[in-house]
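Visitor: Structure incoming, see below.
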Amino acid sequence: MLPPALSFLLLLACLGASRGNLSRDESQPTTSDETVVAGGTVVLKCQVEDPDDSSLQWSNPAQQTLYFGEKRALRDNRIQLERSTPNELTISISDVVLSDEGEYTCSIFTMPVRTAKALVTVLGIPQKPQIFGHEQPIDEEKIARLTCRSSGSKPAAQLRWRKGNKELKDEGTEVVEDPNGKTFTVSSRVEFRVTKEDNDAEVTCAVDHESLQNVERSTTQKLQVHYKPTAKIEPHPMYPREGEKLRLQCDGQGNPVPQEFLWEKEGSDTPLQLSSDSVLFFPFLNKSDSGTYVCTATSSMGSVVAKYNLDVSDLSQLPTPHVHSTPAPPPGPSQPISHATMATASSFTPAPIQDASPVPSTSGPYHAVIGGVVAVIVFLLLSLLIVLGHYLIRHKGTYLTHEAKGSDDAPDADTAIINAEGGQASGDDKKEYFI
């Protein structure tokens, strides 16, 4: 015989098992909630263990019958029958829109009627974000204020900022419900101080949302930063010498690029040149051109000064460069704060040639060519004279004349002929030589 305590436990177990069997309803349909991205396809499945000779039915949130068994009840080509058996009714809805969201009902018409609910959640895909506030250039050391906005998300999306590869912390996010009452517009603001290094920097706003399925949707814009100009003077050629051409190039950099260049010579009251041309040209260098030349490059962000020390050397000397830079003095009280000043000076000190192989100049090859041409011409003339003299000597000849002796003293021609006939026998022939 069992102890009283053990008998009591067995009785409780039997009562629990019988109560579980009574509470289980094999005719109760079962469904599951579904989440779908707008434009996608959702599948609704309803199952029952014991249909009790009844058919399953699907209805939309407006309680319109979609399918009763395998029979279509609503004329909507987006809704298709996937499977219909006594124990299962599965349908699909394609090209889902936001208005398809809601509770769908699966019913089985037994006594009593049994139903099951399936909640369909439609995710609104956020639109590509837009960045505002970058339309105009930003001055150096000023604060850049940018706004990013994305609409159409459901639920509300999250926005992230980065500059290059660096994340930026936003200053606040605003969420506004769209006019359709279902989606949201999200706005985010960011602020940071810009420097000249931020010119052409890429600022990106990215949107995070579960509907994107780990695919980043972002927008990138380049910043335009205006900063103060810089300048330096470059000579061409590098070693200027007397009698040659010289071109001084004032290389101005900045955003915007300097558009006005003023050339001056220290010690002279009259400016040499003021124009948009950054080149100062010397067609023929003289000793008097030596001195310090100043270029002032100006843009809308200010001015900068560059200096160059020109020391013209003669043709027998080759200059040895000595380059050094000195910063410009800080602007005085009378100088505008918006102008930046900088000075760079390059001096070239001539030094005599010490070795036997100096750096060749551009005029050396021309002198050699001219000397060679003159030597060839002289050689040809001498050769021609020698050949001509030799020819004349070898071709020297004689000829006889019919002039007789005494013909010069005859008073007339007849007398001369008579005298000539008489004197031909005894006289010698008159000879002349020619070359």
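Visitor: Output the residues belonging to the range 111-139 that are open to solvent by 50 Å² or more (accessible area, probe 1.4 Å) and either within 30 Å of D198 (Cα to Cα) or assigned to a strand (DSSP E or B) (or both). Can you show your working first?
Guide: Narrowing the range 111-139 to residues open to solvent by 50 Å² or more (accessible area, probe 1.4 Å): 111-113, 115, 117, 119, 125, 127-128, 130, 132, 135-137, 139.
If the condition is that a residue be open to solvent by 50 Å² or more (accessible area, probe 1.4 Å) and either within 30 Å of D198 (Cα to Cα) or assigned to a strand (DSSP E or B) (or both), then T115, K117, L119, Q127, K128, Q130, F132, E135, Q136, P137, D139 are the ones that fit.
Visitor: When only residues in the range 165-197 that are open to solvent by 40 Å² or more (accessible area, probe 1.4 Å) and within 30 Å of P229 (Cβ to Cβ) count, which is farthest from the chain's Cα centre (by Cα)?
Guide: Here the residue is E191.
Visitor: Now for a different question. Can you find, within the range 254-303, the residue that is modelled with the lowest pLDDT among those that are assigned to a loop (DSSP other than H, G, I, E, B), among the hydroxyl-bearing types (S, T, Y) and open to solvent by less than 80 Å² (accessible area, probe 1.4 Å)? Steps first, please.
Guide: At the first step, the residues of the range 254-303 found to be assigned to a loop (DSSP other than H, G, I, E, B) are 256-259, 266-272, 276-278, 283-286, 290, 300-301.
With among the hydroxyl-bearing types (S, T, Y) added as a condition, the list becomes 268, 270, 276, 278, 290, 300.
If we keep only those that are open to solvent by less than 80 Å² (accessible area, probe 1.4 Å) too, we end up with 268, 278, 290.
On the way: S268: 89, S278: 92, S290: 92.
Only one residue tops the list, namely S268.
Visitor: Further, regarding this structure: Of the numbered conditions (1) open to solvent by 40 Å² or more (accessible area, probe 1.4 Å); (2) basic (K, R); (3) touching a residue at least 24 places away in the same chain (Cβ under 8 Å); (4) out of contact with any Pro (no Cβ under 7 Å at 6 or more places or on another chain), R78 satisfies every one except a single condition; which is it?
Guide: R78 satisfies every listed condition except (3).
Visitor: Considering only the range 150-160, I want to know if a residue exists there that is out of contact with any His (no Cβ under 8 Å at 6 or more places or on another chain) and either aromatic (F, W, Y) or open to solvent by 80 Å² or more (accessible area, probe 1.4 Å) (or both).
Guide: No, the range 150-160 has no match at all.
Residues checked against (1) aromatic (F, W, Y); (2) at pLDDT 95 or above; (3) open to solvent by 90 Å² or more (accessible area, probe 1.4 Å); (4) assigned to a loop (DSSP other than H, G, I, E, B):
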position	(1), (2), (3), (4)
L15	no, no, yes, no
S18	no, no, no, no
Q28	no, no, no, yes
S32	no, yes, no, yes
L44	no, yes, no, no
D53	no, no, yes, yes
Q63	no, no, yes, yes
L74	no, no, no, yes
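Visitor: Test of understanding: among S59, S54, S84, which residue is closer than 21 Å to D100 by Cα and among the hydroxyl-bearing types (S, T, Y)? Please lay out each step first, then the result.
Guide: Working: S54 fails: closer than 21 Å to D100 by Cα; S84 fails: closer than 21 Å to D100 by Cα.
Testing whether each residue is closer than 21 Å to D100 by Cα and among the hydroxyl-bearing types (S, T, Y) leaves just S59.
Visitor: Looking at the range 69-128, which of its residues are within 26 Å of E177 (Cβ to Cβ) and of a type in the set (S, T, N, Q)?
Guide: The answer is S99, T121, Q127.
Visitor: Give the range 204-217 a look and list any residue that's modelled with pLDDT under 95 and either open to solvent by 90 Å² or more (accessible area, probe 1.4 Å) or within 24 Å of the chain's Cα centre (by Cα) (or both), or say none.
Guide: Result: E210, Q213, N214, V215, E216, R217.
Visitor: Can you name the number of the only condition in (1) closer than 30 Å to R145 by Cα; (2) open to solvent by 20 Å² or more (accessible area, probe 1.4 Å) that P237 fails?
Guide: Result: P237 passes all but (1).
Visitor: Restricting to the range 240-253, name every residue that is in a strand (DSSP E or B), open to solvent by 20 Å² or more (accessible area, probe 1.4 Å) and farther than 30 Å from E140 by Cα. I'd like the intermediate steps shown before the answer.
Guide: Filtering the range 240-253 for residues in a strand (DSSP E or B) gives 241, 246-253.
Going one step further and asking which of them are open to solvent by 20 Å² or more (accessible area, probe 1.4 Å), we end up with 241, 247, 249, 251, 253.
The answer is R241, R247.
The values are calculated or read from the model by the stated rules, or taken from the named source; none is laboratory data. Note that the structure is predicted; figures quoted are calculated from it, not measured. Backbone-built Cβ (ideal geometry, glycine too); neighbour counts: all protein chains shown. Keep in mind that these areas ignore ligands, DNA and RNA; they rest on the heavy atoms of the full protein, side chains included. Shrake-Rupley method; radii C 1.70, N 1.55, O 1.52, S 1.80 Å.
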